[in-house]
Amino acid sequence: MKKLIIAVLSVLILQSVQAQDKYFTKTGKISFDATAPKSPEDIVGVNKTVTCVLDTKTGNLQMAVLMKAFEFERALMQEHFNENYVESHKFPKTEFRGAIAPGTSVNYAKDGVYPVQVKGKLTMHGQTKDVTAEGKLTVKAGRLQVQSVFTELLSDYAVAIPSLVADKVSKTVKITVDCSLDPLK
């Protein structure tokens, strides 16, 4: 009898995991590193309030990032970032809308690490560009972990680097995404 109950519960749990289509977080993490090779200090910002939604049926992935939520080691960097570079008063949010590339195989019902490619549109500083990024999607105990590292040119998003600090700020920014998603209820 005990084995039958365990078997029935296992089937019900598996069905509920498979029935779950959308995963969500408001506490995802995105960081960027815009440190130039000869810079005496690191130009690194971290945002731990990223909203991310993944629809496992369609592969659609959306992220939203409030620019003022990026934190820096020094308050002056944060002020310059918001006022002079990303102009967060004019462009308060960065968004990504895309999907896991067709042909990518992820078994959301089975724990494991799956390599993925994501394609979509990144809108930052009023500019929208096509983006393709490699990453990994980890399925573990009914939760999803989305991770990626990719680079973007600041000039593609009309982010100007003043000549006064051109030797400190890289023209290319390295972006790291790390979001733990729970089933959307």
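Every number here is computed from the coordinates shown, using simple stated rules; none is lab data. This is a predicted model, so every value here is computed, not measured. Don't worry about glycine lacking a Cβ; one is built from the backbone with ideal geometry, like all the others, and counts go over all protein chains shown.
Numbers for the structure displayed
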read-out: Among M77, M67, M124, residue whose mean-square fluctuation peaks in a GNM of the chain (springs only between Cα atoms under 10 Å); value: M77
read-out: Gyration tensor verdict on the stretch 90-157 (Cα atoms; rounded if a/c is under 1.5, prolate if a/b is larger than b/c, oblate otherwise); value: prolate
read-out: The stretch 144-180 and the stretch 21-38: distance between their alpha carbon centers, rounded to Å; value: 10 Å
read-out: Cα→Cβ-extended label distance, 7 Å offset, between A69 and D111, nm; value: 2.9 nm
read-out: Amide hydrogen neighbours beyond the local backbone of D21, cut-off 5 Å, H modeled; value: none
read-out: Net charge over other residues, Cβ less than 14 angstrom from the Cβ of K68 (K, R count +1; D, E count -1); value: -1
read-out: Trypsin sites (Lys or Arg not before Pro) within the stretch 21-84: DSSP coil, no more than 15 neighbouring Cβ in 10 Å; value: K38, K57, R74
read-out: Theoretical FRET efficiency, 1/(1+(r/R0)^6), r = Cβ-Cβ of Q62 and D42, R0 25 Å, to 0.05; value: 0.25
read-out: In nm, spacing of pseudo-spin labels at D182 and E134 (7 Å Cα→C-beta vector); value: 3.3 nm
read-out: Net charge over other residues, Cβ less than 11 angstrom from the Cβ of I161 (K, R count +1; D, E count -1); value: +1
read-out: Radius 15 Å from Cβ of G112, net charge of other residues (Lys, Arg +1; Asp, Glu -1); value: +3
read-out: Charge dipole magnitude, Cβ of K and R +1, D and E -1 - the stretch 44-185, Cα centre, debye nearest 20; value: 400 debye
read-out: Placed amide H near V116: partners under 5 Å, 5+ positions off or other chain; value: G135, K136, L137
read-out: Within the stretch 108-160, trypsin sites (Lys or Arg not before Pro) in DSSP loop having at most 14 other beta-carbon neighbours inside 10 Å; value: K110
read-out: Value at 222 nm in deg cm²/dmol, rounded to 500, when DSSP H runs of n ≥ 4 in the chain each add -39,500 (n - 2.57); value: -4000 deg cm²/dmol
read-out: Inter-site label distance for S163 and V149 at 7 Å from Cα along Cβ, in nm; value: 3.5 nm
